[in-house]
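Here the structure is laid out as structure tokens; the discussion comes afterwards.
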Amino acid sequence: MQSGATVGIVQVVPTTSPQAKQTSDLIDHLRNDVIPAAEQGTTLKVYVGGQTAIFDDFASVLTSKLPEFIAVIVVLGGLLLMLAFRSLLIPATGAVMNLLAAGASFGILIAMFQWGWGSDALGLGKAGPVDAFIPVIMISILFGLSMDYQVFLVSRMHEEWLHTRDNARAVRVGQVETARVITAAAAIMVCVFLAFVFGGQRVIAEFGIGLTAAVALDAFILRTILVPAAMHAFGKANWWLPAWLERTMPHLSVEPPDEPLPASPHDDPTPAPEPSTRP
């Protein structure tokens, strides 16, 4: 530092990698123990900066806000499902299934990249922490896709329920008539996300592996097996909504009601005369 300067920079190079827990512990030790002790009795004001410290702070902020972020997504999605299908159990079932898909995909992501189960073989580097912003973006995309599959599946069940009031038939018909479309759409998304893995970039590959696992689990196991099974078990309770809540909620429809066919100009509005029985 030059004589008379009021600002100085001290470069500290840790012996561990930037992603290592020891490096994060070193930053905390400097901020909480070393620097406050050095500032006592002086006019010094010391800050810890640099790329490693910025990424560590960014990860800490995202981790602290992640529960609130997930809660907002779950609540908003549940409100939309409740408005569309006039039910309490269907939004709860959808939220639980979405969280299961997200948790399972994060487990696969950690096993491959953080524990190194196959990342080196794919040319994506050795084992290391998953980037901090991956969970936030993944959850946003995953909940959007999962809600799409849930609405498509349950809307057909809801339509059959309104016509027959038979829960078993509604679930069966909805599953049979939408399963192929859901699995076909999911297969397309799996192929798209899987292509991210072969780009050679670790961050892009993390998105690819996580979203591929999430969509595959959601479409092929949760929406086509677990959701119909749960709705069969719940019976008519799937479509229950308290009367006071029914009166206060606005009425929304996923699909508009069928409109009557327009009358043909050649149709005669007057009824045809009845045939005479006289000889």
| task | Could you list which residues have their amide H under 5 Å from that of residue 88, counting only those 5 or more apart in sequence or on another chain, with H placed in the peptide plane? | result | 240
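Run the accessible area of the chain with a 1.4 Å probe and give the carbon-and-sulfur part as a rounded percent.
Details: 11590 of 17670 Å².
Heavy-atom surface of the chain belonging to carbon and sulfur, 1.4 Å probe: 66 percent.
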| note | Kirkwood radius from Cα pairs of region 42-81 plugged into Stokes-Einstein at 37 °C, 0.692 mPa s, gives D in µm²/s equal to 255
| remark: Charge dipole of region 28-76 built from unit charges on the beta carbon (Lys, Arg +1; Asp, Glu -1), centred at mean Cα; most positive-end Cα among 60, 38, 73 is 73
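I'd like to verify something in the chain: which complete DSSP H helices, judged by Cα projection on the helix axis, reach 20 Å or more and average at least 1.0 on the Kyte-Doolittle scale? Could the numbers behind the result be given before it?
Details: long enough: 51-85 (48 Å, 1.54); 89-109 (30 Å, 1.63); 134-164 (45 Å, 0.80); 167-195 (40 Å, 1.17); 202-217 (22 Å, 1.59).
Qualifying helices, which must be both long enough and hydrophobic enough, are 51-85, 89-109, 167-195, 202-217.
At 222 nm, what helix-only mean residue ellipticity would the chain give, in deg cm²/dmol to the nearest 500, using -39500 (n - 2.57) for each DSSP H run of four or more? All intermediate terms of the calculation are to be shown ahead of the outcome.
Details: 9 runs with 160 residues, N = 279.
Value at 222 nm, helices only: -19500 deg cm²/dmol.
For the chain, with only Lys/Arg (+1) and Asp/Glu (-1) charged at the beta-carbon, what is the dipole magnitude about the Cα centre, in debye rounded to 20? Let's see the in-between values first.
Working: 16 positive and 23 negative charges, 95 e Å.
So the magnitude is around 460 debye.
Taking a quarter of the surface of the Cα convex hull of region 30-130, what do you get in nm²?
On the way: hull surface 43.1 nm².
In nm², the orientation-averaged hull projection of region 30-130 is 10.8.
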| query | What stretch of the chain, leaving out the sites themselves, is the longest with no trypsin sites (Lys or Arg not before Pro) in a DSSP loop having at most 13 other Cβ atoms within 10 Å? | reply | 166-279
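Treat region 1-52 as a sphere of radius equal to its Kirkwood radius over Cα pairs and apply Stokes-Einstein at 10 °C in a medium of 1.306 mPa s; give the translational diffusion coefficient in µm²/s, rounded to a whole number. Show your work: numbers first, answer last.
Numbers: Rh = 12.6 Å.
Approximately 126 µm²/s, per Stokes-Einstein.
Say R0 is 22 Å: what FRET efficiency, to the nearest 0.05, do residue 37 and residue 62 get from their beta-carbon distance?
E between residue 37 and residue 62, to the nearest 0.05, is 0.15.
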| Using modelled amide H (1.01 Å from N, peptide plane; none on Pro or chain starts), what sits under 5 Å from the amide H of residue 46, excluding residues fewer than 5 places away? | none
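Give me Rg/Rg_expected for region 117-183, where Rg uses Cα atoms only and Rg_expected = 2.2 N^0.38 Å with N residues.
Normalised Rg, Cα atoms only: 1.78.
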| query | Starting at 0 and stepping by 5 Å, how many percent of the alpha carbon pairs of the chain end up in each bin? | reply | 1, 5, 9, 11, 11, 10, 9, 8, 7, 6, 6, 4, 4, 2, 2, 1, 1, 1, 1, 0, 0, 0, 0, 0, 0, 0
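The values are calculated or read from the model by the stated rules, or taken from the named source; none is laboratory data. Just so it is clear, the structure is predicted and the values come from calculations on it, not from any experiment. Reconstructed Cβ throughout: ideal geometry from the backbone, glycine too, with neighbour counts over all protein chains shown. Ligands, DNA and RNA are excluded from the accessible area calculation, which covers all protein heavy atoms including side chains. Shrake-Rupley method; radii C 1.70, N 1.55, O 1.52, S 1.80 Å.
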